[in-house]
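Take a look at the structure below.
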Amino acid sequence: MGQRRRDVKAQIHTHQPCTYIPHTVNTPGEESVKHCICMVSDFFYPNMGGVESHIYQLSQCLIEKGHKVVIATHAYGRRKGVRYLTNGLKVYYLPLQVMYNQSTATTCFHSLPLLRCVFVRERVTIVHAHSSFSAMAHDALFHAKTMGLNTVFTDHSLFGFADVSSVLTNKLLTVSLCDTNHIICVSYTSKENTVLRAALDPEIVSVIPNAVDPTDFTPDPSRRDDSKITVVVVSRLVYRKGIDLLSGIIPELCTKHPDLCFLIGGEGPKRIVLEEVREKYQLHDRVRLLGALDHKDVRDVLVQGHIFLNTSLTEAFCMAIVEGASCGLQVVSTRVGGIPEVLPDELVTLCEPTVRSLCEGLETVIARQRAGQVPSPATIHQQVRTLYTWRNVAERTEKVYNRVCRRPTLSLSARLQRLQSHCGPVAGSLFSFFAVIDFLILLLLQWLWPSDLIDIAMDATGPHSTWKRHCDVKKKETQTHFQRSKHAFKP
Amino acid sequence: MTDEKFTDINGKAISLSCQNHSPLCREFTVSSAKVSLRKIMVYTSVVWLCAYTLFYFTENTAVLSSGIIITLVGMMVHIHFIKVDHETLLIIGSLGVQMSSSYASGRESTTFIEINKIKDIVINEAIYMHSIIYYLSILIKDPNEPESVGSVVPLFQSSKPRLNCLVKVYKSCQEILAQS
């Protein structure tokens, strides 16, 4: 296998002798192959969101398993260059121009020199791109394939098929994914969606759900007010999250149940709708709008409620209901997208995305709550905490990496054939042309800045880590320091 | 005194010479290649060819004279402000660090940093043009908070040696900093 990859490499580096030595030597039967992974996405901290925390948590768990992980993203304001996060996770903030919604502008080519430099100096073997909204992720996949590296892509969202913008994005996705080695989706619904959108072979698409950190979302029944029943909603107040449904539910249930309160966290353009409802029905003391919440404050809001309500109209994998259940709340949600797969039936009440169905669902849960027929928050938490853990996600992702490494990377001619046959005559020819240009630019770069002039980076993570020793020494130092200080404070 | 061959980040040969004046005083000199005659000839010919082409169409002798002036001024600026022949780092334990660079014209510029302003000398990574490089730099203490870093002074800015050369300089600098 190692030989095969070197062959592929040799084809690409015809003009320059290649100094690249594969990081992983994959002998058959050996389980603990250590990979060198580069995560690429436009979305990473300091930007906040689901994709960002997914990349961070997954990387940390992979580092724990002994792999080397680096992250490449674009520069955020004055944050550019190279940074290290916890446990030596290295982040490259590359100075690429941001175009729209934190996504970089794409010309297919201009990011090649920098990304090539990152891939060569970190001796990357697998490029893992995240999110279909990220132009940088698609660029990185494109360049990685040109350089003969293995590629994995994780899709985090669902798309439609009907309007012009989704038709265009779906076409681009088809082009980008037709020669990617493996694709990961967060739920079976998302897999179905991606396979249809990008016309993929379902064999190369895996499902690995997201996870929550169960220690962050622990129940605390003392925080809730048991004289009334509180319904918590935490979501961005946008159309996709079904805020219009929520504005229909609130007056109907509030008139029926005088002891019912709503606690709504989040910010967005639909806030005005909720404020109107509150004004119209005079519910100022019973509907509280908390505005934008930091991730660390979400748990404090969740533990104040009895019922968690999710009214999303589309969702690939709903993290919010897992967080709600982890805090020991009764969950009521719409039956859309991947939500039915997320929690076992006894933990969630699913309704159709209509006001009537949601009201019925909520009323059954309220009745159960009144009768005291619900399990205690602690039992719900115990049940949820083992369902979705990042270690499990990392383990499954590792299996994908092992599988990807055993497959050959496509040569340029095979890639061109694949593009022509999968993407239709116009897009196929256009992107074949781009692939050839990209290959020529790569050859030019190899000639201008040969790979052996790029210094190999010191590893902070992975099998050749230089940090481990350092950290051990530091730990000892702090320990002795701690002991010393204990001695010093002895009375 | 040792003299070793290294390359800079563009693959051009540079040499590093280490001089041990005393256990607490060491001098590192990075010398890059001299201005090559060929390069000057090529640039001069290019400017003059352009000038002659313009002259052919405009038939104005001012074009030719400006061609000559551009070549002369360009060469002066290049050897006086851009082309650095040697860069020297003199580190004296308990006293400080002196950095000097001598230009091709013979001009020298020198800066000195006291030891009590220096927090540490480190190798750092930066994005430079279309690549990511390692460079050696001095961390300067923040005058208000002595524990934090106020500013960073990069070393060997014009010669830009590669990592193996930087590691060598770094190690001997750390030896001296540890002693003092």
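Things to note:
- Residues that are at negative phi, of a type outside the set (Phe, Trp, Tyr), within 17 Å of the chain's Cα centre (by Cα) and outside any helix (DSSP H, G or I) do occur in the stretch B:126-134, at least one of them.
- Residue in the stretch A:100-109 that is more than 23 Å from A:Arg406 (Cα to Cα), part of a strand (DSSP E or B) and out of contact with any Ser or Thr (no Cβ under 8 Å at 6 or more places or on another chain) present: yes
- The set of residues in the stretch B:98-142 being within 14 Å of chain A (Cβ to nearest Cβ) and of a type outside the set (Val, Ile, Thr) consists of B:Asn124, B:Glu125, B:Ala126, B:Tyr128, B:Met129, B:His130, B:Ser131, B:Tyr134, B:Tyr135, B:Leu136, B:Ser137.
- Options A:Ser166, A:Ser132; residue that is at pLDDT below 90, surrounded by fewer than 19 Cβ atoms within 10 Å (Cβ to Cβ) and under 23 Å from A:Asp201 (Cα atoms): A:Ser166
- Tally of residues being of a type outside the set (Lys, Arg), free of Cβ contacts under 8 Å to residues at least 40 places away in the same chain and either out of contact with any helix residue (DSSP H, G or I) (no Cβ under 7 Å at 6 or more places or on another chain) or not assigned by TED's automatic domain parsing to the domain that holds A:Val127 (or both) across the stretch A:173-216: 7
- Qualifying residue in the stretch A:76-94 (condition: part of a helix (DSSP H, G or I), in the same structural domain as A:Val33 (by TED's automatic domain parsing), in contact with a helix residue (DSSP H, G or I) (Cβ under 7 Å, 6 or more places away or on another chain) and of a type in the set (A, V, I, L, M, F, W, C)): no
- The set of residues in the stretch A:351-404 being hydroxyl-bearing (Ser, Thr, Tyr) and crowded, with 16+ Cβ neighbours inside 10 Å consists of A:Tyr388, A:Thr389, A:Thr397, A:Tyr401.
- Complete set of residues in the stretch A:422-431 that are crowded, with 19+ Cβ neighbours inside 10 Å and either on the phi > 0 side of the Ramachandran plot or modelled with pLDDT of 90 or more (or both): A:Gly428, A:Phe431
- Listed by position, the strands (runs of 3 or more DSSP E) contained in the stretch B:1-111 that have at least 2 residues being loosely packed, with under 15 Cβ neighbours inside 10 Å are B:2-7, B:13-22.
- Residues located in the stretch A:98-123, provided they are surrounded by fewer than 21 Cβ atoms within 10 Å (Cβ to Cβ) and away from every other protein chain (no Cβ under 14 Å): A:Val98, A:Met99, A:Tyr100, A:Asn101, A:Gln102, A:Ser103, A:Ala105, A:Thr106, A:Thr107, A:Cys108
- Unique match (being buried (at least 21 other Cβ atoms within 10 Å of the Cβ) and touching a helix residue (DSSP H, G or I) at 6+ places or on another chain (Cβ under 8 Å)) among A:Val298, A:Val232: A:Val232
The values are calculated or read from the model by the stated rules, or taken from the named source; none is laboratory data. Here the structure is a predicted model, which means the values were calculated and not measured. No Cβ is skipped: glycine too gets one built from the backbone with ideal geometry, and neighbour counts run over all protein chains shown.
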